[in-house]
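For reference, the structure is listed below as structure tokens.
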Amino acid sequence: NTNSVVCSFCFRGGAELLFDGVKKHQVTLPCQPEPWDIRNLLKWIKQNLLKERQELFMQGDSVRPGILVLINDADWELMGELDYKLQDQDNVLFISTLHGG
């Protein structure tokens with residue numbers, strides 16, 4: 001499947017502050033030989049959307065602890081986490097549960 005994938009990401013709970021305050025992004029991911037999974041998606045977000053303080057969003061290849069990830073309103077832990085293969089029109093929600101004092 002080399003088709004591009006259209007999906008939307010939402011950032012909530014303060015995570016949007018790392019993305020110029022923009023809460024919702026609708027993106028068309030470019031065509032690539034292998035299917036898009038969350039691991040590749042996070043790399044793409046880091047390279048294309050994340051403006052500052054990457055360490056507040058990413059830890060290694062994944063999101064840092066304290067950021068909930070929902071795929072189409074389901075916890076990503078039920079979906080295979082980083083190995084989940086994105087489908088066209090998926091909605092991925094990142095919610096930060098970390099609040100500074």
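The values are calculated or read from the model by the stated rules, or taken from the named source; none is laboratory data. Model, not experiment: these values are computed from the prediction. All Cβ positions, even for glycine, are placed from backbone atoms using ideal geometry, and neighbour counts span all protein chains on display. For accessibility, only protein heavy atoms count, side chains too; no ligands or nucleic acids. Shrake-Rupley method; radii C 1.70, N 1.55, O 1.52, S 1.80 Å.
Summary table
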| item | result |
| --- | --- |
| Helix-only CD estimate at 222 nm, as mean residue ellipticity for the chain, using -39500 (n - 2.57) per DSSP H run (n ≥ 4) | -3500 deg cm²/dmol |
| Sparsely packed trypsin sites (Lys or Arg not before Pro) within the range 24-58, loop by DSSP, other Cβ within 10 Å at most 14 | K51, R53 |
| Between helix 38-48 and the chain: long-axis angle, C-alpha atoms, 0 to 90°, nearest 10 | 70 degrees |
| Nearest-20 debye value, the chain charge dipole, Cβ charges on Lys, Arg, Asp, Glu | 360 debye |
| Rounded to 5, the percent of DSSP beta bridges in the range 5-96 classed as antiparallel | 75 percent |
| Fully extended contour minus Cα-Cα distance, from L78 to K46, at 0.36 nm per residue | 9.2 nm |
| Filtered GluC sites (Glu not before Pro), the range 49-101: DSSP coil and at most 16 other beta carbons within 10 Å | E52 |
| Distant-in-sequence amide H partners of W36 (H built 1.01 Å from N, under 5 Å) | L86 |
| Average accessible surface area per residue within the chain, 1.4 Å rolling probe, Å² | 56 Å² |
| Sequence-distant residues sharing a close amide H with Q59 (under 5 Å, placed H) | R64 |
| Apportionment of accessible area to carbon and sulfur, the chain, percent (1.4 Å) | 48 percent |
| Whole-angstrom Cα spans of the chain along principal axes, big to small | 46, 27, 23 |
| Rounded if a/c under 1.5, otherwise prolate or oblate - the range 32-90, Cα gyration tensor axes | oblate |
